[in-house]
Structure formats: C-alpha cells, structure tokens
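Engineer: One structure is given below, represented as structure tokens, and several questions about it will come after.
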Amino acid sequence: ISGISSEKVLDIVKANKGKLVFINFFATGAPLPEEIPRTYQYTQSLSSDKVVIVGISLDSDRGKLESFAEAMNFNYPVYLAEPDARLFGISSIPFNLLYDKTGKLVAGGPGMVGKEDLEEAFSGLLN
C-alpha cells in the first residue's frame, strides 16, 4: 500500500476529469467496517469509465492497514495518508469527498455513507 499526499489526492481528481471521484478517508480502528462492504457492493455495479473510488487510511500502522486491506479485498485503490493528506478538513472518520466530472468538490463531510446515499449522490451526477 502506497502513501499518498494531499497533492497526489488532488492529482487523482485532476487525472479523472470526466468521471466522478469518491474519496473515503477511514481508519481500521474506527467503527466503519459495515460502510466498506456497502461501498464495495455498490461500486461493483459502476463502470470504471464513469466513477473512481479511492480509499485513504489515516492509520499510522502500515502493517495493520495492509492486513485490513487484504481481509476486506477492496475493489478500488487504497492508500495510506501522508501527514499533509489530513488537510481536507477531516474532523472525524469516516470522512468522504465527492468530486463531479469537472473536478469540483460537490459534497463532503464526516459520517458513514449508506448504499442509498451513494446511489442518490451518484445518480444525480452521472446523468
């Protein structure tokens, strides 16, 4: 699992103009395991030419994250946040950011996101 800086996060958004970019900041010890399978399940139905999902762990223990990622079997890239990647106004975890097809941040904030929330947010922006 690679480290990622805030600049590289924004590079992912810029490199994927024309697609929605959903970024989920998480930590392995946070009460979120149920959120990740829902995200995984929903993203299975999305075309990679329309949506990019990225997971960014705020953990400090790379080994713990690698074990967690292996157990979760993510279907999207997961990175370990470098200290400056916390500059996105993250007040608690999980924390999510959604960028539209132009690269504009259209939604973001703390809290778990359910499958229905993802469907609603994405469907409005995919059309």
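Engineer: Out of the helices (runs of 4 or more DSSP H) lying entirely within segment 1-85, which hold 2 or more residues that are at pLDDT 90 or above?
Structural biologist: So the answer is 6-15, 62-72.
Engineer: Which one is modelled with the lowest pLDDT, of the residues in segment 86-127 that are under 12 Å from the mean Cα position of the chain (by Cα), within 23 Å of A15 (Cα to Cα) and of a type in the set (A, V, I, L, M, F, W, C)?
Structural biologist: Residue satisfying both the conditions and the ranking: L118.
Engineer: Continuing with the same structure: What number goes with the only condition from (1) buried (at least 18 other Cβ atoms within 10 Å of the Cβ); (2) assigned to a loop (DSSP other than H, G, I, E, B) that S91 does not pass?
Structural biologist: Failing condition for S91: (1).
The values are calculated or read from the model by the stated rules, or taken from the named source; none is laboratory data. These figures come from a predicted structure and were not determined experimentally. Counting neighbours? That spans all protein chains shown, and the Cβs are built from the backbone with ideal geometry, glycine included.
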